[in-house]
Every structure is written in C-alpha cells, then in structure tokens.
Amino acid sequence: MRDKEMTSPDVRIDETGATGVRPLLEIRDLAITFKTGSGEVKAVRNAHLTIMPGETVAIVGESGSGKSTTALAAIGLLPNNGKVSGGQILLDGEDIAHASEQRMIELRGNTIGMVPQDPMSNLNPVWKIGYQVRETLRANGRPSGPDDIAKVLSQAGLPDAKRRANQYPHEFSGGMRQRALIAIGLSCQPRLLIADEPTSALDVTVQRQILDHLETMTNELGTSVLLITHDLGLAAERADKVVVMYQGRVVEAGPSLELLRNPQHPYTKRLVESAPSLASRRIQVAKEQGVETADLLAPAAETVKPETFLQIQDLRKVYKLRSGLGKATDFAAVDGVSFDVRRGTTTAIVGESGSGKSTVAKMVLQLEKPTDGRILFDGVDTSALKPAELFKFRRRVQPIFQDPYGSLDPMYNIYRTIEEPLRVHKIGDQASREKKVRTLLDQVALPQSAMQRYPNELSGGQRQRVAIARALALDPEVIICDEAVSALDVLVQAQVLNLLADLQANLGLTYLFITHDLAVVRQIADHVCVMEKGRLVETGSTDEVFESPQQDYTKALLNAIPGAKLMLPPEVA
C-alpha cells in the first residue's frame, strides 16, 4: 500500500499494535470537513493511525496536509466551522469523535494534554506565567503552590523558575514562551500528550532537553506522545513510528528508521531529500568519503573576496531590570560583539534563546538603539541617521521576523499586507503594485487566490511565506532573517532557502540570518557567528565552525542537531 501515487485515494496503512494490548488512541477512517463561504472543504480524508500506551508517534507533512487538524479533532478543539464528518476517534476504546463538550473537558489535562504551536496566541498577555500554570493545575485538581509551579517550569527547561513565574509573556523570548506552553501541557502528567510543533521556536540544545523530558515521561509514566512536526529528522530520531500525511490523507506509515532509510511513497521521498537536518548529515558523510560536495552547499565560495558591507563594532545593549522592590539592575543582552558582513554573502548568528542574537538584529534594523558601539552600513553610522535618511535606509534593509502570527496585521488581507510597503514608499501605480504582489506570491509558492484571504485563514507556514514576500517587495539590498524559516515545513523551507539563494545570486543580496537551526546554517551560510549569553564566543567560515569547532558551547550546539546519526548505515547507527 505504501507505493501508491500521491493522487491515489484512501490509502490505508496497517498499524496494529502488540497482541493483547489495546491502543491508547486509534483513529479509523477519519474525515474532517470545514464550512467556508464557497462550500465545504474536506481537510482530512479516511485517515488512520494507532498509538499504543507509552509510544511516540509523529505525524509529518507540509502545511495544510491535515496533521494539526487531525490532532485537534483528537482533543475536541476543532474550530466552530469544522466537524468530524466520518470515522472514529477511539481513546482507550471510547469513541470521542462526537463526545459532548463536558466529556472533553473531563479528558483534557489529566488524560489528554496539548502543547500548541504558537506561544503568543496561546498565552494570556495580561497574566503572569506562574498564574497561567496555576490555573491549569487547579482546573485539574492538582497541587498548585509556588513550589509546584516552579517544578513544572523547571522541568520544561526554564531557568530560575520562581522568578520567571512572576514575569509576563512579553518579558520572555520566543523560545522561553514556547517552554512555558510546554510546561502547561505537561503539568498534569497526561496519558496522551499532543505536541503540535512543540520545539519549532527552540534552539537545538533546549530542543533536546525538552524532547529528552518527553521521552522520560514516556518511559517512566507510560505517557504516549502524538508529535506533530515538519522536521523529518527530528521525527525519525524521536518517534517509534512516523505517519506521513499529504493533502489530508495518510500516504505512508511505519517504524521511523525504516521509513527514513527506505521511503516508498514519492511524497515521503521528497520529504527525506528536503530535510535540512538529514541533508547536513549527507554532506558530512560525503566529505568523509571524499565526494565533491560543492553543489550541496549554498552559496558557493567566492573566488574574489567581496567588500565589507556591514560592520558591527563592539556592540553593547544594556537593559534596566526592576525587581519586585523597585530596584533596577543592569542586564547586558549584548556585550562587546564585533563582526563584519560582506556584500552578497550570508552570515548566520546562532545560539540559544536569550543569547542576544535577535537583539543584534533589532539594533541593525534600528528598532533598538545600541548602548555602546557602532553599526556601519555601507560606511555610514546608522545611529546618526536623520529621519529622512532613516526612511531611505529602511528600504535598503528589510526584516523577516520570527513570529508570523504577530508580524502580520490581522485586519489586512494578504494583498494589502504585501502591497503596503510599495504604497508607503510611493513605488508604482495600483496596476504595477498588483502585478508585483502577484509575482511575489509566485516566488514564495502561494496561490494567487490568497490575495483576498486574511492571516487567520492561513496556516503558520503560509503566514511566514507572506512575511517573506512582504520583505522582498522593496527589492532590498540586505535582508535580516530572524528565524525566517522556523515555521515552515521542510519542502517549503527548501523552496524558500533556494529562493533566497537565487535572489542572492541574481541581485547580490546580503543576508544576516538569525537562527537556532544549525542544519539550515550548514546549507545556506558563508560565515557563522556563535553567541552565548550576549557574547560572541566563536566565529569563522561555515566549514571551519562545523568541522573544527573550538568552543565546548559550539560543540554542544552541533551535537544537539536532530537526526545527526540517522543517515548512517544501520550497522553503524
């Protein structure tokens, strides 16, 4: 059944569990439809999967494949316009596909936990983090004292948990907010945890810590995990079984390593080829075997050393932090950072959440003012720019932010979102701007029909593609990519990275790439800067940093890349 074409209907995979053991979750012939203005849309068709007690099953697929919709149906959180139109969802033998809301409330928390993808939409901005954890514990009859809250936050990888419990979501980095969501999802030790891209905003070392904790729960408490992810390397490394979804159907499923090493379905083969964590391993193996890999690394090395375009000189950013007693202390988010970015190249800044890499990006964009140091853009100190000069500067330097949920105006449709920079900078007339928007949508693999849709009607990956199109609208010289592909599935991620590489080659663009994904860095960067606790601890060419890291911190980051051993032959792995 696993070798049918992508268009073949109703593919079924046999996933029966061990004899005599009842599955914790069994989805049979699941169909989900949504009511829209243009009629009903079938989002999931005849889907099947089985999760045994203590087992981790990963669902992988591109944005819109139905993987998150399937998970939401299992916990009874489909949107109001969505419904289960066929099939069964059996939880420990009980069909909950059409269970009452009261029954689902009883199951959520203690029996089924959920870690959603977007921390900004799922954390209340006016409640402290500790209060939000406490509400979850109380609602499920669990102890909810300060020590209990601190323990939950510590298990999810948040340092200094008691102090963090008294902070608000806006005081956390993106990765820390995601860890708070993970803490809430795990707080009641559910029998089944649905984790929807739980580590997409996390750096690789914290990602490993969180996933190690999930494995501990599986082993010690018998908790099962349904992992939704676009990272096939992570899925194959962490899950017992992998289920591949495409256009609402399950097209292939099986033991993770078997599926990775011997994919049968054409779509699965494309996923394996596009996975950056696996591509990074393929590059390493090829080099060890003496195979030429220049074509695998982008962009190719320059024969002529390009000129320095952006200079960061002894950059510092100090914030005043106030304690509960009103006393202010200095916190150096960036401390003495210096590096150069050459025209037409890609420089990647990597490090854990809170290392200061995004703060550097904000200062380069002039969204934050440095406390000390200078930023020279094309030889000009950007901190000395007058308002009119700063307006011109913003056309030459454009950002792609990490969070597509927060960076897009929910009141603007997609056409207006992408067209706005052209209108603000008075570029072209209405007809030429519309033509430009259509071209940009084609470049980021979005349909023309998306122009009249709104951000809430798009998946997370689709929203990020809109953000990328908006950044490209003004034909900038420098693009600051702050986790620009972290929300994308591997196929779209590969398309976007190829697009950025093509634009760089054709237009001479310069990229400053902020990321926690070292596998992506391996593929796209010419130069790497490693940051830890606000300081630059290692810098060099991509090959130098990956093949001969000098600092223990850099080595720890490299060792934490998911899928590092999965492309080895079975006898070695």
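The values are calculated or read from the model by the stated rules, or taken from the named source; none is laboratory data. Please read these numbers as outputs of a predicted model, since none were measured by experiment. Heads up, the Cβs are rebuilt from the backbone with ideal geometry, glycines too, and the neighbour counts pull from every protein chain shown.
With a requirement of 2 or more residues that are at pLDDT below 85 and hydrophobic (A, V, I, L, M, F, W, C), the helices (runs of 4 or more DSSP H) lying completely within region 454-573 that satisfy it span 490-507, 518-524, 552-559. When region 73-87 is filtered for residues that are under 26 Å from the mean Cα position of the chain (by Cα), surrounded by fewer than 19 Cβ atoms within 10 Å (Cβ to Cβ) and outside any loop (DSSP other than H, G, I, E, B), only GLY82 remains. Quick check on my filter: what residues within region 466-506 are without any contact (Cβ under 8 Å) to a residue 12 or more places away in the chain and charged (D, E, K, R)? The one that is without any contact (Cβ under 8 Å) to a residue 12 or more places away in the chain and charged (D, E, K, R): ASP502. Being hydroxyl-bearing (Ser, Thr, Tyr) and surrounded by 13 or more Cβ atoms within 10 Å (Cβ to Cβ), is that true of even one residue in region 447-463? So far as region 447-463 goes, yes, one or more of its residues are hydroxyl-bearing (Ser, Thr, Tyr) and surrounded by 13 or more Cβ atoms within 10 Å (Cβ to Cβ). Contact map, region 41-69: first residue within 19 Å of GLN88 (Cα to Cα), second residue of a type in the set (Phe, Trp, Tyr) and crowded, with 22+ Cβ neighbours inside 10 Å, Cβ cut-off under 7 Å, separation 6 or more or different chains; the map is empty.
Surrounded by fewer than 16 Cβ atoms within 10 Å (Cβ to Cβ), within 16 Å of ARG535 (Cα to Cα) and either in the same structural domain as VAL530 (by TED's automatic domain parsing) or small (Gly, Ala, Ser) (or both), is that true of ASP314?
Values: surrounded by fewer than 16 Cβ atoms within 10 Å (Cβ to Cβ): yes; within 16 Å of ARG535 (Cα to Cα): yes; either in the same structural domain as VAL530 (by TED's automatic domain parsing) or small (Gly, Ala, Ser) (or both): yes.
The answer is yes for ASP314.
On the basis of being assigned by TED's automatic domain parsing to the domain that holds GLU483, in contact with an Asp or Glu (Cβ under 8 Å, 6 or more places away or on another chain) and closer than 30 Å to GLU307 by Cα, does PRO387 make the cut? No: the conditions fail for PRO387. Here VAL334, VAL250 are screened, and the one residue that is over 30 Å from LYS162 (Cβ atoms), β-branched (Val, Ile, Thr) and at pLDDT 90 or above is VAL250. Here is the figure for region 297-318: residues that are modelled with pLDDT under 75 and not acidic (Asp, Glu) total 9.
Got at least one residue in region 523-546 being among the acidic types (Asp, Glu), more than 25 Å from GLN313 (Cβ to Cβ) and surrounded by fewer than 24 Cβ atoms within 10 Å (Cβ to Cβ)? Write out each step before concluding.
At the first step, the residues of region 523-546 found to be among the acidic types (Asp, Glu) are 526, 532, 538, 543-544.
Now drop any that are not more than 25 Å from GLN313 (Cβ to Cβ), which leaves 543.
If we keep only those that are surrounded by fewer than 24 Cβ atoms within 10 Å (Cβ to Cβ) as well, we get 543.
Taking every residue of region 523-546 in turn, at least one turns out to be among the acidic types (Asp, Glu), more than 25 Å from GLN313 (Cβ to Cβ) and surrounded by fewer than 24 Cβ atoms within 10 Å (Cβ to Cβ).
Being free of Cβ contacts under 8 Å to residues at least 40 places away in the same chain, within 30 Å of LYS555 (Cβ to Cβ) and either crowded, with 19+ Cβ neighbours inside 10 Å or assigned by TED's automatic domain parsing to the domain that holds LEU500 (or both), is that true of even one residue in region 366-380?
So far as region 366-380 goes, no, none of its residues is free of Cβ contacts under 8 Å to residues at least 40 places away in the same chain, within 30 Å of LYS555 (Cβ to Cβ) and either crowded, with 19+ Cβ neighbours inside 10 Å or assigned by TED's automatic domain parsing to the domain that holds LEU500 (or both).
Residues that are within 30 Å of VAL437 (Cβ to Cβ) and out of contact with any Pro (no Cβ under 9 Å at 6 or more places or on another chain) number at least 2 in the following strands (runs of 3 or more DSSP E) confined to region 307-426: 308-322, 346-350, 397-400.
Yes or no, residue by residue, for (1) more than 18 Å from ILE27 (Cβ to Cβ); (2) surrounded by fewer than 22 Cβ atoms within 10 Å (Cβ to Cβ); (3) within 22 Å of the chain's Cα centre (by Cα):
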| residue | (1), (2), (3) |
| --- | --- |
| LEU227 | no, no, yes |
| LEU232 | yes, no, yes |
| VAL242 | no, no, yes |
| VAL251 | no, no, no |
| PRO255 | yes, yes, no |
| ARG261 | yes, yes, no |
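Run LEU441 past the list (1) crowded, with 23+ Cβ neighbours inside 10 Å; (2) in a helix (DSSP H, G or I) and report the number of the one that doesn't hold. The failed condition is (1). In region 70-93, the condition of being touching a helix residue (DSSP H, G or I) at 6+ places or on another chain (Cβ under 7 Å), touching a residue at least 60 places away in the same chain (Cβ under 8 Å) and either within 30 Å of PRO169 (Cβ to Cβ) or not aliphatic (A, V, I, L, M) (or both) is met by no residue.
Which members of region 113-141 meet the condition of being in contact with a helix residue (DSSP H, G or I) (Cβ under 7 Å, 6 or more places away or on another chain) and either among the hydrophobic types (A, V, I, L, M, F, W, C) or farther than 23 Å from THR199 by Cα (or both)? Walk me through how you get there before you give the answer.
Initially, region 113-141 is screened for residues in contact with a helix residue (DSSP H, G or I) (Cβ under 7 Å, 6 or more places away or on another chain), giving 113-125, 129-130, 132-134, 136-137.
Of everything in region 113-141, those that are in contact with a helix residue (DSSP H, G or I) (Cβ under 7 Å, 6 or more places away or on another chain) and either among the hydrophobic types (A, V, I, L, M, F, W, C) or farther than 23 Å from THR199 by Cα (or both) turn out to be MET114, VAL115, MET120, LEU123, ILE129, VAL133, LEU137.
ASP118 satisfies every condition listed in (1) acidic (Asp, Glu); (2) under 19 Å from GLN189 (Cα atoms); (3) in contact with a Phe, Trp or Tyr (Cβ under 9 Å, 6 or more places away or on another chain) except (2).
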